[in-house]
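To start, the structure under review is shown below, and the notes come after it.
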Amino acid sequence: MIKPKLHHVTMKTTRLDEMVAWYALVVGARVQFRDKMGAWTTNDAANHRIAFLALPGLSDDADKVRHNGMHHCAFEYDSFADLMASFDRLRQAGVEPAFCLDHGMTISLYYKDPEGNFVELQSDSFSDWTLSSEWMRTSVDFAQNPIGTFFDPARVYDAFKSGIDFKALQQTTRRRRSAVGDWRVASTIATAFTSSAK
């Protein structure tokens, strides 16, 4: 089988200016082309990665979080240090995560864009997709808790900047799993975070 690579996502919006500005700030997306009907942006060498359609007749969905659809899209940094640097940069710009999860194979910060879509910024906990994939498939820890454990990004950032290494930090955040309990409970909590961030 010839497997295609994911190339781009396209979102409908009534807030074109806000969306273009937010994705420029958060993931460095620059506009390749824009008119009154939409914008096509990229943050790498591709012709576009994130597109926005501002079609007439669009409106907000008051019950969006309870309807079927995409939960989030994700962007990965090369290292935990880069993820923490991004967290601090965005925090200083007034953009805070809606919630943060240690999934075991990734450390993930979830932000909310102007349309209420979640955007995950993550780093691979193993810095190696082969190792993190193997852990995901075989880990008892992940099987018991695939959603992950919530953590306070400011405390983790401060600890990391003080010199505590990533592996020591992750052991602390993963041990908090017992405070969340069954992964279904964690999933319910994540849904609550989603709803409260509306």
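The values are calculated or read from the model by the stated rules, or taken from the named source; none is laboratory data. Source: prediction; values computed, not measured. Note that we place each Cβ from the backbone using ideal geometry, even for glycine, and neighbour counts take in every protein chain shown.
Quick check on this structure: which one of ASP158, ASP128, ASP165 is surrounded by fewer than 18 Cβ atoms within 10 Å (Cβ to Cβ) and under 19 Å from PHE75 (Cβ atoms)?
Working: ASP158 fails: under 19 Å from PHE75 (Cβ atoms); ASP165 fails: under 19 Å from PHE75 (Cβ atoms).
Unique residue meeting the criteria: ASP128.
Looking only at residues that are of a type outside the set (A, V, I, L, M, F, W, C) and assigned to a helix (DSSP H, G or I) in the stretch 63-82, which one is nearest to the chain's Cα centre (by Cα)?
Residue satisfying both the conditions and the ranking: ASP82.
State whether the residues of the stretch 48-66 include one that is within 30 Å of GLN170 (Cα to Cα), of a type in the set (Ser, Thr, Tyr) and not assigned by TED's automatic domain parsing to the domain that holds GLU120. Talk me through it step by step, then tell me what you get.
So in the stretch 48-66, the residues within 30 Å of GLN170 (Cα to Cα) come out as 65.
This time we only want the ones that are of a type in the set (Ser, Thr, Tyr), so: none.
Among the residues of the stretch 48-66, not one is within 30 Å of GLN170 (Cα to Cα), of a type in the set (Ser, Thr, Tyr) and not assigned by TED's automatic domain parsing to the domain that holds GLU120, which makes the answer no.
Is it the case that some residue within the stretch 70-79 is among the small types (Gly, Ala, Ser), surrounded by 12 or more Cβ atoms within 10 Å (Cβ to Cβ), over 30 Å from ALA159 (Cα atoms) and at pLDDT 95 or above? Please lay out each step first, then the result.
Of the residues in the stretch 70-79, the ones among the small types (Gly, Ala, Ser) are 74, 79.
Imposing the further condition that a residue be surrounded by 12 or more Cβ atoms within 10 Å (Cβ to Cβ) reduces the set to 74, 79.
Pick out the ones that are also over 30 Å from ALA159 (Cα atoms) and you get none.
Within the stretch 70-79, none of the residues are among the small types (Gly, Ala, Ser), surrounded by 12 or more Cβ atoms within 10 Å (Cβ to Cβ), over 30 Å from ALA159 (Cα atoms) and at pLDDT 95 or above.
Considering only the stretch 31-43, state which residues are within 19 Å of the chain's Cα centre (by Cα) and either under 16 Å from ASP113 (Cα atoms) or exposed (fewer than 11 other Cβ atoms within 10 Å of the Cβ) (or both). Let's see the steps before the verdict.
Going through the stretch 31-43, the residues within 19 Å of the chain's Cα centre (by Cα) turn out to be 41-43.
Within the stretch 31-43, just THR41 meets the criteria.
What number goes with the only condition from (1) of a type in the set (D, E, K, R); (2) closer than 30 Å to ARG174 by Cβ; (3) surrounded by fewer than 19 Cβ atoms within 10 Å (Cβ to Cβ) that LYS112 does not pass?
(3)
I'd like to check something: does the stretch 27-47 contain any residue that is in a helix (DSSP H, G or I), closer than 30 Å to ALA159 by Cβ and touching a residue at least 40 places away in the same chain (Cβ under 8 Å)?
Yes, there is a match, as at least one residue in the stretch 27-47 is in a helix (DSSP H, G or I), closer than 30 Å to ALA159 by Cβ and touching a residue at least 40 places away in the same chain (Cβ under 8 Å).
Hey, any hits in the stretch 127-146 for a residue that's more than 30 Å from GLY69 (Cα to Cα), among the β-branched types (Val, Ile, Thr) and more than 18 Å from the chain's Cα centre (by Cα)?
Scanning the stretch 127-146 turns up no residue that is more than 30 Å from GLY69 (Cα to Cα), among the β-branched types (Val, Ile, Thr) and more than 18 Å from the chain's Cα centre (by Cα).
Identify, from the list VAL26, VAL95, the residue that is more than 22 Å from SER125 (Cβ to Cβ) and within 14 Å of the chain's Cα centre (by Cα).
Values: VAL26 fails: more than 22 Å from SER125 (Cβ to Cβ).
The conditions single out VAL95.
Suppose we filter ARG49, ARG89, ARG66 for residues that are surrounded by 12 or more Cβ atoms within 10 Å (Cβ to Cβ), among the basic types (Lys, Arg) and over 16 Å from THR10 (Cα atoms); which single one remains?
Step by step, each of ARG49, ARG89, ARG66 is checked, and only ARG89 is surrounded by 12 or more Cβ atoms within 10 Å (Cβ to Cβ), among the basic types (Lys, Arg) and over 16 Å from THR10 (Cα atoms).
Go through THR191, THR130, THR172 for me and flag whichever is β-branched (Val, Ile, Thr), at pLDDT 95 or above and assigned to a helix (DSSP H, G or I).
On the way: THR191 fails: at pLDDT 95 or above; THR172 fails: at pLDDT 95 or above.
Result of the check over THR191, THR130, THR172: THR130.
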